[in-house]
Every structure is written in C-alpha cells, then in structure tokens.
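The values are calculated or read from the model by the stated rules, or taken from the named source; none is laboratory data. Since the structure is predicted, the reported quantities are computational estimates derived from the model, not experimental observations. Cβ placement follows ideal geometry from the backbone for every residue including glycine, while neighbour counts extend to all protein chains displayed. To get the accessible areas, we keep the full protein, side chains included, count just its heavy atoms, and leave off ligands, DNA and RNA. Shrake-Rupley method; radii C 1.70, N 1.55, O 1.52, S 1.80 Å.
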Amino acid sequence: MNREQFSLFEAWYKYYAKEGAEWFVITLLGGLGLLKQEARFTQQFEAKLLNGYLWEITSELEVRDRPTLSDGALAILLENDFDRLSSAVNHLHYFVHTECPQYIEDL
C-alpha cells in the first residue's frame, strides 16, 4: 500500500480496531472462496517498506467462525464420487439456467 493508505490503516487500527482488540469484518480467501468473515488481530501488525515507497503489512488474525462446508454437505461429498457429483451438479445448472428458460420461451 502507498503512504496515504498506510496512514489510513494505522489510524483505523488505532481507533476502530482498538489496537487490534476489536472484531471487524474482512473478506478472506478460504476453501469456499472469498467470503466476508469476522476477525481480529492476535498480534501487532508489522510494516515493511518495499522499494522505498510501498508498505507491506503482515499480521496474524483470529477468525470468529470460519466458513466451512456444512456437516451434511461434507457427508455427501465423503460418501460419493466427487467427479461424478460435480458433473451432475454442472448438468443440473445447465439444465436449469439454459434449457428450461429456452423451453419456457418456446411455449
């Protein structure tokens, strides 16, 4: 991030994140994709200046309730062949979003 963005981050961290103690919403990448999650800092962030003008910020976060597959979805995936199940879902998606609207339009 640039200098201005870093100054905003530092102020946000101090006043809104209460030096990292407050929970906040952040979009994080996980097994289910990019999802909004509640998190808070578990340690002070570290800032490193790169190439003399960009800042790299690193820290560790605690996630309140990490999104995962439901117990039922996990059971289905564990009990079935994933490739065949994925193929069936793709065919169903195609049928519902392509063939059905075309069929209804033709009526």
| field | Label-point separation in nm, Ile26 to Gln44, each point 7 Å along Cα→Cβ | value | 1.7 nm
| query | What order do you get for 10-16, 66-72 when each peptide is scored by the mean count of other beta carbon atoms within 10 Å, highest first? | reply | 10-16, 66-72
| message | Treating region 19-66 as a set of equal point scatterers at the Cα positions, no solvent, please give the Debye-formula log₁₀ I(q)/I(0) at q = 0.24 Å⁻¹. | response | -0.90
| Which loop-located GluC sites (Glu not before Pro) does region 31-98 contain, where loop means any DSSP state but H, G, I, E or B and the Cβ has at most 15 other Cβ atoms within 10 Å? | Glu60
| query | For region 68-74, in order, what is each residue's ³J(HN,Hα) by Karplus, 6.51 cos²θ - 1.76 cosθ + 1.60 with θ = phi - 60°, in whole Hz (x at glycine and Pro)? | reply | 9, 4, 6, 4, x, 5, 4
| message | From the C-alpha coordinates alone, can you work out the Kirkwood hydrodynamic radius of region 45-93, in Å? | response | 15.1 Å
| request: Express the carbon and sulfur contribution to the solvent-accessible surface of the chain as a percent, rounded to the nearest whole number, probe 1.4 angstrom. | output: 55 percent
| query | Which value in deg cm²/dmol, rounded to the nearest 500, describes the helix-derived mean residue ellipticity at 222 nm for the chain, given -39,500 (n - 2.57) per DSSP H run of n ≥ 4 and division by the residue count? | reply | -11500 deg cm²/dmol
| note | Expressed to one decimal in nm², the mean projection of the alpha carbon convex hull of region 1-46 is 3.8 nm²
| Geometric extent, Cα atoms of region 5-95 - Rg, Dmax (angstrom) | 19.6, 54
| note | With 0.36 nm assigned to each residue of separation and the Cα-Cα distance removed, Arg64 to Tyr94 gains 7.2 nm
